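First up is the structure itself, then whatever we jot down about it.
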2 protein chains.
Amino acid sequence: MGNYQIVGKGIPRHDSFEKAMGLTSYAADYFLPGMLYGKVLRSRYPSARIVSIDTSKAERLNGVKAVLTARDVPKNLTVTRFGQTHTIGGGFEGIYRVLAEDKVHYMGEAVALVAAETKEAAEKALELIKVVYEPLPGVFDPKEAIKPGAPRVEEGRDNLISHFSIRKGDVEKGFQDASVVIERTYRVPFVDHAYIEPEAGVAWIDENGTVTIRVSTQVIEHFRDVAEILGLPHNKVRVIGTMVGGGFGGKEDITVEAFIGLLAWKTKRPVKMVYTREESILAHSKRHAFIMEYKTGANRDGVLTALKATIYGDAGAYVYLSPFVCLYSTVDAAGPYRIPNVEVDTYAVLTNNNIASANRGFGATQPCFAYESQMDELAKALKIDPFEIRKRNYLKKGESLAVGQILDRHVALEETAEKVRHALGEETPPSGPWKVGKGIASGMTSYGRMMFLHDTSRAYVGVEMDGSITIRAGVQDVGGGQASSLCQIVAEVLGVSMEDIKIYIADTALTPLAGTTTATRQLYMSGNATLMAAREVRKTILGKAGEILGVDPERLDLIDREIVNTDGSGASLSFSDAVRACASAGLPLYHVSQFCAPFNDLRRFDLLEGKVFPDFTFGTHGAEVAVNEETGELKVLRLIACYDVGKAINPLSVEGQIEGGGIYGLGYALHEKVILEEGKTRTLSFSEYLIPTSLDSPDIEVHLIESEDGVGPFGAKGIGEPSVTSVAPAVVNAIADAVGARVFDLPATPEKIFSAMKAKR
Amino acid sequence: MGNYQIVGKGIPRHDSFEKAMGLTSYAADYFLPGMLYGKVLRSRYPSARIVSIDTSKAERLNGVKAVLTARDVPKNLTVTRFGQTHTIGGGFEGIYRVLAEDKVHYMGEAVALVAAETKEAAEKALELIKVVYEPLPGVFDPKEAIKPGAPRVEEGRDNLISHFSIRKGDVEKGFQDASVVIERTYRVPFVDHAYIEPEAGVAWIDENGTVTIRVSTQVIEHFRDVAEILGLPHNKVRVIGTMVGGGFGGKEDITVEAFIGLLAWKTKRPVKMVYTREESILAHSKRHAFIMEYKTGANRDGVLTALKATIYGDAGAYVYLSPFVCLYSTVDAAGPYRIPNVEVDTYAVLTNNNIASANRGFGATQPCFAYESQMDELAKALKIDPFEIRKRNYLKKGESLAVGQILDRHVALEETAEKVRHALGEETPPSGPWKVGKGIASGMTSYGRMMFLHDTSRAYVGVEMDGSITIRAGVQDVGGGQASSLCQIVAEVLGVSMEDIKIYIADTALTPLAGTTTATRQLYMSGNATLMAAREVRKTILGKAGEILGVDPERLDLIDREIVNTDGSGASLSFSDAVRACASAGLPLYHVSQFCAPFNDLRRFDLLEGKVFPDFTFGTHGAEVAVNEETGELKVLRLIACYDVGKAINPLSVEGQIEGGGIYGLGYALHEKVILEEGKTRTLSFSEYLIPTSLDSPDIEVHLIESEDGVGPFGAKGIGEPSVTSVAPAVVNAIADAVGARVFDLPATPEKIFSAMKAKR
C-alpha cells in the first residue's frame, strides 16, 4: 500500500465553501449586457407531419429578435460526436435533428427557436408561432417496432438501430446440464436524471468573432458539433463548461448549445436559455426502457451452466447514444459470473417515445437487475444461500467475461459480498404485518471508455515562480469533485497543500482537452494525465534540488513544501527556493501531459469478442427492507455498499459518490418512472415524477476496499456510475426475501409488491 | 533561399479588416456591469516630503467606493520582474513604489487611488484628498547627481544605480596612432512614446476569486508583480492583454495593472482606469536622456584606432529598466565597427526627473547618434567619403564587437550602406537659400533578450478534427502584426491558408506564456516556438499520410490543403482526410513547444565581456534634407532605409515596421523632447510635445536584404526596434552635409541648426 501525504485523506474539496455559501456561479447565474432570452417551441405530438409553420406573427412581436426554424440551420441533420472521437462507424452514428423538418418524431421535439428582449416576449412569441400538424400513427414498444410493417420512426430507415451478440459455448447443452433453469422477463422503465439544475447556458460572439457558449454540460467538446450545426469551422466555436448542478448522463448530449449558438449567431447578441422543469423532463434524454428476457441454468451445486439473454432497448425517436448503451448492456449481460455457455442478443430500437441516451450506469444498470434477480431465484430453487451461490460463480482474476475479455486486475467480488453479508447480519424477526427481508446483489461496471475509441486526456500542471501551482484541465466538474481530485493528486506529487493550487477547468480555449466527464472516466483519464504532468514537474524540481544539495535526486522527496532526503540525512531545501532556482536557471516548471488509454480494436460489433474496456469496478449492495404484508408498503431499513475503489483519492468524495449512487439506485428500484401513454409524457413535474426524498432515504453504510489495482492514478478505479448498478436488484431481492414474492418490473411500487404477493397466494 | 508558399508573401494581416473598420476592442472599449472608475492622485512636486494625507472628505463623497494610499498596499515597495525572469541580481532590480509613502520623488508620482461609481465622482474625490507637501531640494542632472553631496533621490541609496564598462586594448596608444581624433559631447533628451492609446485597463474578480486584469500591455507576465503587490500568490492573478494601440516600450513596465487590481480587490467590483493624455505624458516612463562624451580616432586611411565613450543615462526617480538600457548602450557604444582599442563607461543615475525606462531602440538608439556623428566628422576631417570610411571599418562575419561577442552570422553592413548610397544618388544642387544635403548612418541593434536571461517562449498549435487550426500564444500584439506572423508561419508549415487559422493571444490563463513583446523578440522567440509546434503537428500528419499512401513521409509535402508527393508522382490525399485519419487513430494533432534562446552566462556586469545577445540586425539609413540657410528651417526630402531582415515573413509588415521606425526616428531627430524645468514636465499635451505629423513625414524608401541567416524562423531577424536606430544620425549628417554645421543635441530644431550655422560663420 502506498504511503501518501494527501491522497487518501478525506479533505474538503477546494470548492465546497463556495458551494455551501451559494456563491458558485451556475450556467443560469450569468448575465451579459444586451442579453436576449431564448425559448424553444416543442412538439406536443409524438408522431405527426408538419403541414406548415407560420412565424410571421411571432416575428412582428415587439422585442422579438429572431425566430428560427429548421431551414435556418446550416446543418440541421447532424451526427453527435462523442467527446474526442472523430468517426466511429459501425452503426454508432448518433444522428439527430436540431429542429424538426417535415415531421415530429416524439413529444417535446424542438420545432422552432425564438430570441427576444425578455423572457416574457419570448414565451409570447412561442404562442404566436402557428404550426399545423397532421397526426401520424406511431410506434411505442420496441418489440412491436421491429415487427415487419410497423410504422417507421424515421422514413427510409429501419427501426432497428443496432444488434449486438455474444455467442460463447453451447447454450442448449448448457441448459441440458442444468438442474434448475429460471426463465423470466424483466422490464425497466424510462427514467429521468432529475438533476436540480435544468439545462441552461449563455452564448455570445466574442471580440474575435468566436461563438462562445457558457453552458452546463458534461462534454465541452461538443464545440465541434455546434460548429458544424452553425456551418463554422471547429476553431470558431468555444465552449466553457460551468459547474454542473447534476449531470448523470443527461448533459452528455447537446442540450441548449446549438439553440443558443444559432440564436447568438443570428442576432449577434448574447442569448440565454434556461429550460423549465417541464421542458427539462420533456426534452432531454432518458435512461432506456429495457425488456430483458433472461434464462439462466445452474447445476445442483449452484454452478452456472448457461445464460441466454435477449434484450430490447427502447431508444426513443433518435439514435443518440443508444448503440453504445446497448453495447455496454451486451458486455454486462452475463454479469460478473463464470458461465461456460452464453448467448446474448441486444437490440436497440427506435420508437416514438421520449429520446433515450446516457444515464448513470449506462447500460450496466438494467441487466444487473435481471441477472441478480435470476441468481436469487436459482439460489432459492436450489436452497443455497444467495451469497454462497454467487461465491461459487464469481469471476476471479485471470478468468474472462462472456465477451472474452480477460480480467487482468484484482477482482474483489467475493470480498465485497462477504463484507456486505457480514454487515447485513443475522435474520431479523418480523414485527406484526411488517416482514423484514435482506438481499444482496453484485455488479460489474466498466470505467473509462471502450478501448476501440482511442481515448485520451490531457492536463497542464505548472508551478509559478512563487511556488503557487496552476492546473488546467478540460474536465467538467459535474459535482463529483472531479476538479478537486486533480488538485489532491498534484498536492501529493509536489508535496504542497490544496490551498497552494488553483485549477482552471472546462474551457475549450483555456484548458487542454480532457474528453468527456462521462463513462466514469475523468479520475482515471485526467487523473493519470495530471499525475504524469505533475511528475514531470517534480522531476525538474528534484533534479535542480539534487544539484543544489549535492544529492542524487532519486533520494529526495517533497513533503510539506520542503525537499527532504528520504533517509532523513543531510540539509533540506524549501520548495520555494528550489522553484526559484529552477526559474533562474530557465528550467520550465510546467508540463502538458497526455494520457492515452490502452487501445484495442473491436471491428466486429455484431458479434462481440475481445477486450472491450480498460477495467471494471466490482461491488456489492446489500439491502434490508420491511414490507407490510397487508398493503405492500415498503421501508428500506438499511442500504449497505461495498466497493473495491482501487484507491480512494478522497474517501469523503468516494463515500459521497456511493451514497449518491445508493439514493439514485433506490429511486430506480422503488419510485422513478416516466409515464408515457402512446408516446405522451404524463410526468412533467416532480409531483408526478417521483424521486426519493430525504425521508425515503436510509442511512447508507459504505465499505471501501482498496486493492490499489485499478488503472487510475495510484491504482484508483472509477466509482461514479458503478455505485448505482446493483442497488435495485439488492432491494428487489430483499423484498422477495421478506415476503416470498418477487417484482419483475421496476419500480417496485407497493401496488406491484401487493400484486406479487396476491399472485403468490 | 527557401521556397515558400505563404512565408514571404505580403498578405493582409488576419486582423486588419477589424482594425480598419474600428471593430477592434481596445482596453478602454470594455464594460462590465457594476464597473467603477479608478483615478490616480499624482504629485505636482518633483521632490517633496509628504507631511500628511487626509482622505476623509474624499471617502465621504457620494459614489466613492475606495480611497487607497500606500499603507493599503500589501507590498508597496516592489521589484519589477522582466517577463519570465525570476531573479537577476547584479544590480538589475527595478525597484519602485506603487504609491508614494513619506516622500515624492518625481512630478507625476502616484500618491493615492480612488474608485467611484462615475468618472466625475472619482475626479471630484481626487480634489478632496488633502496632501500636505514640504518641498525638498532635488537633483535634475545625472552628472550633478553623482557628485558627492548631491541630494539623494532615494534615502539610503546612492544615486548611481549601475556602471558598466568595456576595456579593450589600449585606448591611449590607439589615440596616439590616430591621425585625427574627434572629441564631442552629445546630448539626447527624454522623449515620450506618444502612442495613440493611453494606458488603460479593467480589473475584476472572476468567479474563482482570481483577480483578472484586461489591459493594454506589452508584458502580460506582470501578473506576477501584481500578485505580489496585492499580497496574493501568483496563481490568483490573471492578465489578459488587449490589442495595444502603441507600446514602443512605454507599456513594458506596469502601468494601470496594480492600481486597478488593488481597487478591484478592495471593492470587489470591476474597476476601469484610462489615463488622460496629460497623465500619460506625465506618468509613464520616457526614453532616457543621455549625455555621451565621445572621442574617436582614425589613421590617415580612415581606419579607426580607438574609441572612448563616457555615457550618463538619466534614469529619473526610480530604477525600472535603467540598468538594462545602459547595458545595451554599453554593448552598442562602439557601433558596428572594428576598433582595436575601446574604453566605454556607462552610468545609470537617479534624478528627480520623470522616470525613464524602455523605449523602442532600448539603449541602442542614443549611442548610434554619437558614433555615427563621429564617423562623419572623421570622414570630413580626413576628406574621405562617409560611405567609404564606414566601409573600411564595418565589422564582418567572424569578427567581434568591442565587448568580445563574435558575430557568427551574416553581417550585411556594407550591402545595406551600398544600397542606401546608391538610392541617395548624386549630389543635388542648392536652390536659393535651401541647401540640400545627404547623410547616411549605419546601426546595429540586438533582437532577443540578453543571453544570461535564459529566455524562453512557448506556443500551442492544434489542428481541429475538421482541419481548422488553432494557435495559442502568450504574445501581446502591439500592432506590429506579431499574431499575424505566427499565423503565416503555421499556414506555411501546414500548407493551409490564413483563413483556416484562429489565434488566441496574450492571456496568462489561456495561452502558453511567450514572454514579453519587447526587445524585438517575439518573431524570433515565439516565431520559433510556433514553428517547432507546427512542425510536430506536420510530422504527425505526414506520418499518417505516408502510411495511407504507402509513401515515405520524407517524400511528402503539404501544399494548399493537399498532401502531395514531392516528386509529383503517386496519389495525393487531402489535408482534411489526413487529419480525420489521425483523429480516428487517436493521434494527437496539437503540440506545445518551447523555444529556449541560447544561454550564455555573463556574471561580471561591471566589466562586460563575452557573448551578450543571440544576434543583431544591421542596417543603414540615408536622408536627404533641405536646410534653409537663412532660417535653419528644414525639410526631410527623402528617407531611405535598408536592412538585412534575414527573412521577411510578411514583407508588408516588415516595410510597415521600417516606415514606422523611420517616422519614429524622425521625431527623435527633429521634434521630440520632454521639456523638464527643475524636474517639472512642461510638455503635457501634443500641442507642446511635438511629434511628426503626416505633413512632416517624407515617403520612406525601404530596401530589404534577406540573408536568411537570422536566428528567427526561416532565418528571420527582428526589425521592430532596429528600424529606429540610425535615423537621427542620418538626418543630422545630412544637415551637416547641407550647411556644414552640425547639431550635437537632439532634437535638431531649426533654432539649433541656425545657431550651429551662426557659430560656424
Self-check item: Options B:Ile735, B:Ile705: the member that is buried (at least 24 other Cβ atoms within 10 Å of the Cβ), at pLDDT 95 or above and either under 12 Å from B:Leu666 (Cα atoms) or out of contact with any Lys or Arg (no Cβ under 6 Å at 6 or more places or on another chain) (or both)
Solution: B:Ile735
Quiz prompt | Members of segment A:515-543 found to be touching a strand residue (DSSP E or B) at 6+ places or on another chain (Cβ under 7 Å) and either among the charged types (D, E, K, R) or within 17 Å of A:Val654 (Cβ to Cβ) (or both), listed by number | solution = A:Thr520, A:Arg521, A:Tyr524, A:Ser526, A:Glu536, A:Arg538
Quiz prompt | Those residues of segment B:225-241 which are open to solvent by less than 10 Å² (accessible area, probe 1.4 Å) and outside any strand (DSSP E or B), in sequence order | solution = B:Asp225, B:Val226, B:Ala227, B:Ile229, B:Leu230, B:His234, B:Asn235
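I want to confirm something. Restricting to segment B:481-504 and keeping residues that are in a loop (DSSP other than H, G, I, E, B) and buried (at least 23 other Cβ atoms within 10 Å of the Cβ), which single residue is modelled with the highest pLDDT?
Here is the first cut: in segment B:481-504, the ones in a loop (DSSP other than H, G, I, E, B) are B:481, B:495-497.
Of the ones still in play, those that are also buried (at least 23 other Cβ atoms within 10 Å of the Cβ) are B:481, B:496.
Working: B:Gly481: 89, B:Val496: 97.
Per the criteria, the residue is B:Val496.
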Practice problem: Report yes if A:Gly439 is surrounded by 23 or more Cβ atoms within 10 Å (Cβ to Cβ), away from chain B (no Cβ under 14 Å) and not aliphatic (A, V, I, L, M), otherwise no. | Solution: yes
Quiz item: If you take the residues of segment A:547-594 that are in a strand (DSSP E or B) and within 11 Å of another protein chain (Cβ to nearest Cβ), which of them is farthest from A:Thr530 (Cα to Cα)?
Solution: A:Tyr590
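Here are some residues: B:Thr681, B:Thr631. Which one is of a type in the set (S, T, N, Q), touching a Phe, Trp or Tyr at 6+ places or on another chain (Cβ under 9 Å) and open to solvent by less than 20 Å² (accessible area, probe 1.4 Å)? Quick ask: steps written out before the conclusion?
Working: B:Thr631 fails: open to solvent by less than 20 Å² (accessible area, probe 1.4 Å).
Step by step, each of B:Thr681, B:Thr631 is checked, and only B:Thr681 is of a type in the set (S, T, N, Q), touching a Phe, Trp or Tyr at 6+ places or on another chain (Cβ under 9 Å) and open to solvent by less than 20 Å² (accessible area, probe 1.4 Å).
Residue-wise test of (1) under 28 Å from B:Ser584 (Cα atoms); (2) surrounded by fewer than 20 Cβ atoms within 10 Å (Cβ to Cβ); (3) within 14 Å of chain B (Cβ to nearest Cβ).
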residue	(1), (2), (3)
A:Val411	no, no, no
A:Glu418	no, yes, no
A:Ala423	no, yes, no
A:Trp434	no, yes, no
A:Gly448	yes, no, yes
A:Asp455	yes, no, yes
A:Asp466	no, yes, yes
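Would you confirm whether any residue within segment B:455-464 is of a type outside the set (D, E, K, R) and outside any strand (DSSP E or B)? First the steps, then the outcome.
To start, the set of residues in segment B:455-464 that are of a type outside the set (D, E, K, R) comprises B:456-457, B:459-463.
Of the ones still in play, those that are also outside any strand (DSSP E or B) are none.
No, segment B:455-464 has no match at all.
Every residue, every condition in (1) more than 16 Å from A:Ser723 (Cα to Cα); (2) open to solvent by less than 10 Å² (accessible area, probe 1.4 Å); (3) not in a loop (DSSP other than H, G, I, E, B), yes or no:
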| position | (1), (2), (3) |
| --- | --- |
| A:Val349 | yes, yes, yes |
| A:Asn353 | yes, yes, no |
| A:Asn359 | no, yes, no |
| A:Gly363 | no, yes, no |
| A:Pro367 | no, yes, yes |
| A:Asp376 | yes, no, yes |
| A:Ile384 | yes, no, no |
Quiz item: Restricting attention to segment B:724-744, which residues are over 13 Å from B:Val625 (Cα atoms) and in contact with a Phe, Trp or Tyr (Cβ under 7 Å, 6 or more places away or on another chain)?
Solution: B:Val724, B:Phe744
Self-check item: Pair list, Cβ under 6 Å, 6 or more apart: segment A:12-38 residue free of Cβ contacts under 8 Å to residues at least 12 places away in the same chain and assigned to a helix (DSSP H, G or I), other residue open to solvent by less than 80 Å² (accessible area, probe 1.4 Å) and of a type outside the set (Gly, Ala, Ser)
Solution: A:Glu18/A:Thr24
Quiz prompt | So A:Ala145, is it small (Gly, Ala, Ser) and away from chain B (no Cβ under 14 Å) | solution = yes
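Taking the options A:Val239, A:Val319, A:Val274, A:Val244, name whichever one is touching a strand residue (DSSP E or B) at 6+ places or on another chain (Cβ under 6 Å), in contact (Cβ under 8 Å) with a residue 60 or more places away in the chain, away from every other protein chain (no Cβ under 14 Å) and over 30 Å from A:Arg187 (Cα atoms). Can you show your working first?
Values: A:Val239 fails: away from every other protein chain (no Cβ under 14 Å); A:Val319 fails: over 30 Å from A:Arg187 (Cα atoms); A:Val244 fails: touching a strand residue (DSSP E or B) at 6+ places or on another chain (Cβ under 6 Å).
Going through A:Val239, A:Val319, A:Val274, A:Val244 in turn, just one is touching a strand residue (DSSP E or B) at 6+ places or on another chain (Cβ under 6 Å), in contact (Cβ under 8 Å) with a residue 60 or more places away in the chain, away from every other protein chain (no Cβ under 14 Å) and over 30 Å from A:Arg187 (Cα atoms): A:Val274.
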Quiz item: What is the one condition in (1) closer than 26 Å to A:Ser685 by Cβ; (2) in a helix (DSSP H, G or I); (3) touching a strand residue (DSSP E or B) at 6+ places or on another chain (Cβ under 6 Å) that A:Gly261 does not satisfy?
Solution: (1)
Quiz prompt | Hits in segment B:614-664 - residues which are closer than 22 Å to B:Gly246 by Cβ, within 16 Å of the chain's Cα centre (by Cα) and hydrophobic (A, V, I, L, M, F, W, C) | solution = B:Val654, B:Ile658, B:Ile663
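Among the residues of segment A:1-58, write down those that are charged (D, E, K, R) and under 14 Å from A:Met243 (Cα atoms).
Step one: filter segment A:1-58 for residues charged (D, E, K, R), giving A:9, A:13, A:15, A:18-19, A:29, A:39, A:42, A:44, A:49, A:54, A:57.
Matches in segment A:1-58: A:Arg13, A:Asp15, A:Glu18, A:Lys19, A:Asp29.
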Exercise. Among residues belonging to segment A:205-220 that are in contact with a Ser or Thr (Cβ under 9 Å, 6 or more places away or on another chain) and surrounded by 24 or more Cβ atoms within 10 Å (Cβ to Cβ), point out the one that is nearest to the other protein chains (Cβ to nearest Cβ).
Key: A:Arg214
Exercise. Taking the options B:Thr276, B:Thr267, name whichever one is closer than 20 Å to B:Ala356 by Cα, of a type in the set (Ser, Thr, Tyr) and open to solvent by 10 Å² or more (accessible area, probe 1.4 Å).
Key: B:Thr276
Practice problem: Might you let me know whether segment A:514-532 holds any residue that is more than 14 Å from chain B (Cβ to nearest Cβ), more than 23 Å from B:Leu510 (Cα to Cα) and of a type in the set (S, T, N, Q)? | Solution: yes
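The values are calculated or read from the model by the stated rules, or taken from the named source; none is laboratory data. All values reported here derive from a predicted model rather than from experimental measurement. Please note: Cβ atoms are built from the backbone with ideal geometry, for glycine as well, and neighbour counts cover all protein chains shown. Accessible surface areas use protein heavy atoms only, side chains included; no ligands, DNA or RNA. Shrake-Rupley method; radii C 1.70, N 1.55, O 1.52, S 1.80 Å.
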